[in-house]
Each structure stands twice: as C-alpha cells, then as structure tokens.
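Peer 1: Take this structure, written in structure tokens, and hold onto it; I'll ask about it next.
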Amino acid sequence: MAPGVDGLPAAEREVDVSGPVAEFLRSLSPAVLLRLRLGLRAFEWLPFPWRFSRLGTAAAGEFLSKLERSRLALHHELLMMAKILSTLGYAVVPAVEARIGTEIGCALADGSLPEPAGSLGDTRPQGEGEECDVVIVGSGAGGAVAAATLAEAGLDVLVLEAGGRYDRDDYPADRLEAIATLYREAGLTIAAGSPPIPVPVAKAVGGTTVINSGTCFRAPDRILESWRQEFGVTWARELDADYAEAEEFLRVTQLDPERMGRNGQLAMEGAEALGASGAPIHRNAGNCVQCSSCPFGCAIDAKRGMHVSYLPRAVAAGARVRAGVEAQRVLVEGGRAVGVACSAREESGRQRPYAVRARQAVIAGGGAFGTPELLLRSGLGGPQVGRNLRVHPACWVGARYEEEVRGWEGVMQSYYVDQWEADRRVLLEATFTPLAFGGAWLAGTGEEHQRSILDFGHVGSIGVHLCDRSRGSVGLANEGALRARYGLTDDDARHVVFGIARAAEIHFAAGAAEVYPNIPRAGILRPGDLPLFEATRFKPSELRLEAFHPMGTARISADPRRGVCAADGSVNGTAGLYVADASLFPTSVGVNPMMTIIAFARQISRAVATGAADRPGRSSAGAAEAVA
C-alpha cells in the first residue's frame, strides 16, 4: 500500500505500520472487529489464487490500480477500507510527517493559552450507585447544557458518560491512541448501505464537541419553520435568545479572513470570482488562528467544547459528572422512569454494576446513536425509535494548486459557501483535515497515492455537505451491538454530485490545476472537464462519503405515530423520561448542528425544571424561583 517513493519511507520495510494499527484495532468491539476481519480477509484473497500480502511490489501496485478502475462497488469498498487502515497508521509516522512538513497544533492570535476551565470534580463513579433529582445519560452538547440549566435551577444533577475525561493536560499524544480513546469504535462507526458511510462520533466527557471542528451555525429559518408547521414544535422559531446566550458563553467569533489560512482563502477567492455567497465561519474558539489538532482534542482547549464550558458550569452549580459509566437500560416503575442501570469501568478495566436512582427525571443525551440504543435496550419509546436517521452525507473534494497551500496552517474548517443551500440543499465548507483522516481520500493507490501524499502541501480541500432527505435507521444486532443502516437515494446522490461540481468550479476559479472529485469513475478533473462530469449519471454506490452529524432517531412530533417524543422532549409512553440531543430533530437541520442541539437542550431542560418544581419529593430547593 505504501511502497516508499522520493524520501517517503516504505511501510513495513522501513517503518512499522501494521503493528500500531493492530494495536489500534484492539480498542474495537468484537462485533466491529469481526466485520473488519471479514473485510480484510476478502481483500487478502481478492487476487485469488494469490494472496495480496504475498504479491511483489509491482504486482501489488497493478492489482490496486485494477481495483481503483473497477466498476464493482464491492471492490471500491474493500479498497477504501484498506486505504483507510493503512493510511491511518502510515500518516502518523514521524518520518512521514517530517518528509511532508505537516505540523499539528493550535494557537491563539496573541500566542497565549486560554484560561484554565473550571473543575469537573471527582469523575469516578461512587460505590454501587448514587441518587439524584435528574440523571443525564451523555455529556455532549445536549447533556452538558441540560446539566448546567437544571443544576442552576437548583436540581441535584448527575451526568453519566461512557467515555473518559480528557483535556489539554492529558489528551493522548499518540495520534492512533487519541482516535482509539476519544472516538466510539475508534471512529469506525459505519452506517451500512450502498455506499457504506463512516459516521465518526466521540466517546469522551464532552461528547463530540471534544473532537469536532467548532463550527457554529444557527439552523436556517426555513428548517425551523418546517419543524413548527409539520411536526408541531411550537417553539422552534423562538430559539434566538438561546442561540445568543450560547454564542456569548462559548465566545463564538467569526474568523478573520487574513488569519484563517490559505485553504479558506482559496475557497473565498474562488467563490467571490463566481459571485457565490459565503463568509468566514463562526467558531466557539475565540481568537484561535491555528487549529489542526481538533480531531485529536484541541491541544490548548481554545475550542470551547462542553468539557471546558457547560460541564464546569454545571459542576459549579452543584452537578456531578461520572466518567466511564455505560448506561445499559432505563429503570421504570409504575410507568415512570426512576433511574438507570449501568456498568462502571474501574481503573483496572474491570466492569462492575452501578445504578442511579433519579427522583424527578431521566434525560437521554447520548446522541442519535446512543439515545436510541438506550431506548431500544429498555424497550421504551415505541416503534419510531431508531428510525428517521439523517446524517448530512459529505464528501471531500480536493484540488492541486501550483502554489503552496499548507492547509494544516490556519483553521481546519474556515469558510462556507451557502449559494446553493436553499435550492439544492448543498452547503460547502473549506475543510482541511489532518493526513491521518484525509489521506485515504487522496487520489491513486500504491506509488501514485504516495505521490499524492508528497503533494499534500499543495492540496486545497472543500467539504460538500448535504441536507439529506434519505433516511436510515439505528438498531441492535443479535449480540446487542449498535447497527446503523442508511440508504442514499438517487435524488440525494444527484445533489451530492451537483455539490462536487460546484466545489470543483470554486477550486478552478481559485486557480487549481486539477480537482479530485472522489468518484473513481470520474478520475481527475481538469479545467474544461466539468460539463462532461455533470452530464454523467453516477450511482449512489459510486460515491465515497462520510458523515459527522447523525440526527433524528428519537424525533419530536406532535403526532406520536410519527415520532418518539412530544414537543417538550418527553418520551411517549413513559413519564419522567426525556431526550435532549440531536436525535430529537424532526428532519435534517442542514448545517453543523451543535448550536441547535444546545438551543433544544435549553428548551427541554427548562420544561423538565418546571415539571420538577411542581412535583413533591424534591431534595433541593430553589427550582421554582430559578425557572421563574
């Protein structure tokens, strides 16, 4: 896969790649590991009667090129799996980084460090269980904001998180260890389908806000209005104050075009040349001007993830956070949720039973995968649980420029183009990810792919992001593991291809010599190739996609036949049980969802606090006054 060219070391002969990747894979669950083993075994025997691992360098290169040119979707899926795993291990080798010149880091404009975040206290689970007024499962944008809101309303709040607690003092320095530690299934959560779509989400205190890009959008008015009219979310157009409060608290700031980096500047220049509307992105990172470490945890915590913002705020108001606690099922007595049965991970790695009793409410905030997983294991929520999965299918459109881009300098996600958002449901975002994440999407295989890696400093990239109408589902496999499926429709595939063409057009307008549309049959595009590209019909299975925004799997609807939750976030059929995360969204939100998750969590948690103030049995006083 990486034979070594022009100063790049050869994998295995000169640098160990398989060893670190094998260790990395040990972090996967048995179910995911089994699927990977089956895929790798199929790849190994694909050149039958020979085995791939026993082919010579020339024969292996020829075989990989043949797979790249194949019209069979299975060939491309197996090839991409092999490229992802091999590039993941190869890209983090110090000799590779040194040869390319990449640097991973984060910096504020004045070179200072952000002030330390407030304490989260002792995050170890105590004894065999604990009691509280409200237990919240999940510590991401929904759970953390609900915790702060409820704790400040005077309620005794306990937050449970399956992952560990990390911040700038102890993020894993090793890239592979960081991915294995901070992500669910080491980032290899896959929505099965044609094509299969990786959907990496976090598993850490702070949720996916620990590893996301920090991009902050408000939901488009047309989306909120459709939720109000079609799904009965009467307060959907009343979120302005919640957005504004969050933007102020998280220090959301629009990027300075002069400091955002050349990758964003090229996208801006290309869009302006075409007359396409766009602007520098707003981020929850204050005056951060250099960030290439976001997917590994912000190196200086300039990005205000939940673990350094709302969770310390919640703890300051009396909440408790417990890390390493996996919620197994919701406890229900007399039709009311009264707690959560869990397993707690000790420092030795051993799991032990742990239970939480909640006097007032249970809130599921584990995201669009974790929340339906918990509800399904508990047998709660009705037949709509896990349905209506939307993911914002996305793809990377790279381009080669004669000038140096050095996309790792500046801000990872920096400029957006919304010219085609309303009518074609496509949002473009200049996004430059570290080589470990983006390297597999570079053109070619074998030596050709290695030369693409050597050219990484001349690559600009734009992400195509679709407000999808396709749907998927989340369920449980026989062994109880998460199983996600997603079926990309022909119509949505056409919209993605349209977005790829617009991204290519922007690249060419900015001076790119060639564009990589990430569709094998399309090859490499050069100026003048776009009319033919747009006239070609591509099957959904030909697209190479990923996604970062799962939502909709416990959606709100005034009609219980269409959703899981009522308009106040309460789960149908179970008193005292609520949802406060992106699984509530009735449809795709169309933009990066963090700020809308926060706004929804504020709405839901205020309703919970009001209900708790009206119920007897409170352990702490002051909720009624705080809510009022």
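The values are calculated or read from the model by the stated rules, or taken from the named source; none is laboratory data. In this text the structure is predicted, and so the values were computed from the model without any measurement. So basically every Cβ, Gly included, is an ideal-geometry build from the backbone, and we count neighbours across all protein chains shown. In case anyone asks, the SASA skips ligands and DNA or RNA and just uses the protein heavy atoms, side chains included. Shrake-Rupley method; radii C 1.70, N 1.55, O 1.52, S 1.80 Å.
Peer 1: Which of rounded, prolate, oblate describes the chain, given a ≥ b ≥ c as roots of the alpha-carbon gyration tensor eigenvalues and a/c under 1.5 marking rounded, otherwise prolate only if a/b is larger than b/c?
Peer 2: Details: a/c = 1.66, a/b = 1.51, b/c = 1.10.
Since a/c reaches 1.5 and a/b is larger than b/c, the shape of the chain is classed as prolate.
Peer 1: Using a probe radius of 1.4 Å on heavy atoms only, what accessible surface per residue do you get for segment 48-122? Whole Å² is fine. It would help to have the intermediate numbers written out before the result.
Peer 2: Values: 4160 Å² over 75 residues.
Ligands and nucleic acids excluded, the result is 56 Å² per residue.
Peer 1: Let me ask something else. Taking the DSSP beta bridges in the chain as the whole, what percent of them are antiparallel, to the nearest 5? Please report the intermediate quantities before stating the final value.
Peer 2: Values: 58 of 84 bridges.
Antiparallel: roughly 70 percent of the beta bridges in the chain.
Peer 1: Another one. Let me know the Rg and Dmax you get for segment 126-281 when you use only its Cα atoms, in Å.
Peer 2: Reported Rg and Dmax, both Å: 19.7, 63.
Peer 1: Label points 7 Å out from Cα along the Cβ direction at THR610 and ARG124: separation in nm?
Peer 2: So the two model labels end up 4.2 nm from each other.
Peer 1: Mind checking Rg over Rh on segment 410-471, alpha carbons, Kirkwood formula for Rh? Don't skip to the answer; put the middle values down first.
Peer 2: Working: Rg = 14.3 Å, Rh = 13.3 Å.
For segment 410-471, the value is 1.08.
Peer 1: Moving on. Find the centroid of the Cα atoms in segment 239-254 and in segment 515-571, then give the distance between the two in whole Å.
Peer 2: Segment 239-254 and segment 515-571 have Cα centres separated by 28 Å.
Peer 1: Using the Karplus curve 6.51 cos²θ - 1.76 cosθ + 1.60 with θ = phi - 60°, what ³J(HN,Hα) values do you get for each residue of segment 326-342, in whole Hz, with x for Gly and Pro?
Peer 2: Couplings: 9, 6, 9, 7, 7, 8, 10, 9, x, x, 10, 6, 10, x, 9, 8, 9 Hz.
Peer 1: Same structure again: What FRET efficiency do you get for ASP423 and GLU248 if R0 is 41 Å and r is their Cβ-Cβ distance, rounded to the nearest 0.05?
Peer 2: After rounding to 0.05, the efficiency reads 0.80.
Peer 1: Please give the Cα centre distance for segment 443-491 versus segment 29-49, rounded to the nearest Å.
Peer 2: Using only Cα atoms to place each centre, the spacing works out to 19 Å.
Peer 1: Quote the FRET efficiency, to the nearest 0.05, computed for ASP221 versus ARG561 with a Förster distance R0 of 41 Å and r equal to the Cβ-Cβ distance. Before the final figure, lay out the partial values.
Peer 2: Values: r = 27 Å, r/R0 = 0.66.
So the FRET efficiency works out to roughly 0.90.
Peer 1: Given H placed 1.01 Å from N in the peptide plane, which residues other than close sequence neighbours of VAL405 have an amide H under 5 Å from its amide H?
Peer 2: Long-range HN contacts for VAL405: HIS458, VAL459.
Peer 1: To the nearest 0.05, how large is the calculated FRET efficiency for ARG329 and GLU403 if R₀ is 56 Å and r is the Cβ-Cβ distance? Please report the intermediate quantities before stating the final value.
Peer 2: Details: r = 56 Å, r/R0 = 1.01.
E(calc), rounded to 0.05, equals 0.50.
Peer 1: Please give the helix 367-378 orientation as an angle from the longest Cα principal axis of the chain, in degrees from 0 to 90, rounded to the nearest 10.
Peer 2: 50
Peer 1: Multiply the residue separation of ASP16 and SER112 by 0.36 nm, subtract the distance between their alpha-carbon atoms, and state the gained length in nm to one decimal.
Peer 2: On the way: separation 96, 0.36 × 96 = 34.56 nm, distance 3.68 nm.
Roughly 30.9 nm would be gained on extension.
Peer 1: Would you please classify the overall shape of segment 1-107 from the alpha carbon gyration tensor, given that a ≥ b ≥ c denote the square roots of the eigenvalues, rounded means a/c under 1.5, and beyond that prolate means a/b larger than b/c while oblate covers the rest?
Peer 2: Numbers: a/c = 1.86, a/b = 1.29, b/c = 1.44.
Because a/c hits 1.5 or more and a/b fails to exceed b/c, segment 1-107 counts as oblate.
Peer 1: Run the quick spin-label model on GLU346 and ARG54: label points 7 Å from Cα toward the beta carbon, then report their separation in nm to one decimal.
Peer 2: Distance between label points: 4.7 nm.
Peer 1: Rg and Dmax of segment 482-547, Cα atoms, in Å?
Peer 2: Answer for segment 482-547, Rg first and Dmax second: 13.0, 45 Å.
Peer 1: What full-extension length gain, to one decimal in nm, is calculated for GLN229 and ARG26 as 0.36 nm per residue of separation minus the Cα-Cα distance?
Peer 2: 68.3 nm
Peer 1: Tell me the relative contact order for segment 466-510 as a rounded percent, counting alpha carbon contacts under 8 Å between residues six or more apart.
Peer 2: Values: 30 pairs, mean separation 14.8, N = 45.
With pairs under 8 Å counted, the relative contact order is 33 percent.
Peer 1: Please work out the average accessible area per residue across segment 276-351, using the 1.4 Å probe convention, and give it in Å².
Peer 2: Working: 2410 Å² over 76 residues.
Averaged over the residues of segment 276-351, the accessible area is 32 Å².
Peer 1: Kindly sort ILE363, ILE84 by accessible area of their heavy atoms, largest first, with the probe set to 1.4 Å. Write down the numbers at each step before the final one.
Peer 2: Values: ILE363 0, ILE84 50 Å².
Reading off the accessible areas and sorting them downward yields ILE84, ILE363.
Peer 1: Check each of the GluC sites (Glu not before Pro) in segment 459-552 and keep only those in coil by DSSP with at most 10 other C-beta atoms within 10 angstrom; list them in order.
Peer 2: Values: sites: GLU479, GLU505, GLU514, GLU534, GLU542, GLU546; in loops: GLU479.
Those that pass, being in a loop and sparsely packed, are GLU479.
Peer 1: Working out 0.36 nm times the residue gap between ASP174 and ASP455, then minus their Cα-Cα distance, what length gain in nm do you get to one decimal?
Peer 2: This chain segment gains 98.8 nm when fully extended.
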